[in-house]
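To start, the structure under review is shown below, and the notes come after it.
The values are calculated or read from the model by the stated rules, or taken from the named source; none is laboratory data. Only a predicted model underlies this, so the values are computations on that prediction, with no experimental measurement involved. Backbone-built Cβ (ideal geometry, glycine too); neighbour counts: all protein chains shown.
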Amino acid sequence: MTTNPTFDRIKKDIGENDVVLYMKGTKQVPQCGFSGTVVQVLERAGVKDYKDVNVLADPDIREGIKQFADWPTIPQLYVKGEFIGGCDIVREMFESGELQALLKEKGVSTSEAA
């Protein structure tokens with residue numbers, strides 16, 4: 001069996017953190033509009049403590065995450081190890097209340113959104 005160090009890193013990140021966002025830039029300084037939108041959605045959903053992974057800083061992760069989830073675009077959001085989706089899906093889930101319900105169901109701590 002071959003090992004894929006990039007996949008191993010992704011598995012470690014999503015296994016050790018309740019919420020992981022693979023994005024362009026950082027949550028403090030998003031470097032694309034879609035990544036910035038997901039950061040805003042997480043803030044509005046009350047998710048304060050999550051790991052952000054800047055794919056622009058690591059070409060292996062940038063390509064590897066697309067293969068890992070079989071999802072061609074970034075950002076990608078993971079909750080409790082489960083791939084949730086990209087910008088449009090996350091925004092639609094938030095607007096419908098589905099994202100908040102999922103976070104609660106998975107036991108992710110959230111603060112009351114402003």
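Scan the stretch 33-40 and tell me whether some residue there is without any contact (Cβ under 8 Å) to a residue 24 or more places away in the chain and in contact with a Lys or Arg (Cβ under 7 Å, 6 or more places away or on another chain). Checked the stretch 33-40: at least one residue is without any contact (Cβ under 8 Å) to a residue 24 or more places away in the chain and in contact with a Lys or Arg (Cβ under 7 Å, 6 or more places away or on another chain). If you go through the stretch 70-79 and keep only what is crowded, with 20+ Cβ neighbours inside 10 Å and either among the charged types (D, E, K, R) or under 11 Å from Y22 (Cα atoms) (or both), you end up with I74, P75, Q76, L77, Y78.
For the stretch 38-49: of the residues being surrounded by fewer than 18 Cβ atoms within 10 Å (Cβ to Cβ) and modelled with pLDDT of 95 or more, which is farthest from V108 (Cα to Cα)? Please lay out each step first, then the result.
Here is the first cut: in the stretch 38-49, the residues surrounded by fewer than 18 Cβ atoms within 10 Å (Cβ to Cβ) are 40, 43-44, 46, 48-49.
Restricting the remaining residues to those that are modelled with pLDDT of 95 or more gives 40, 43-44, 46.
Working: Q40: 17, E43: 13, R44: 14, G46: 10 Å.
Across the stretch 38-49, the extreme among qualifying residues is Q40.
If you filter the stretch 7-34 down to residues that are surrounded by fewer than 18 Cβ atoms within 10 Å (Cβ to Cβ) and among the β-branched types (V, I, T), you find that the one that is farthest from Q67 (Cα to Cα) is V29.
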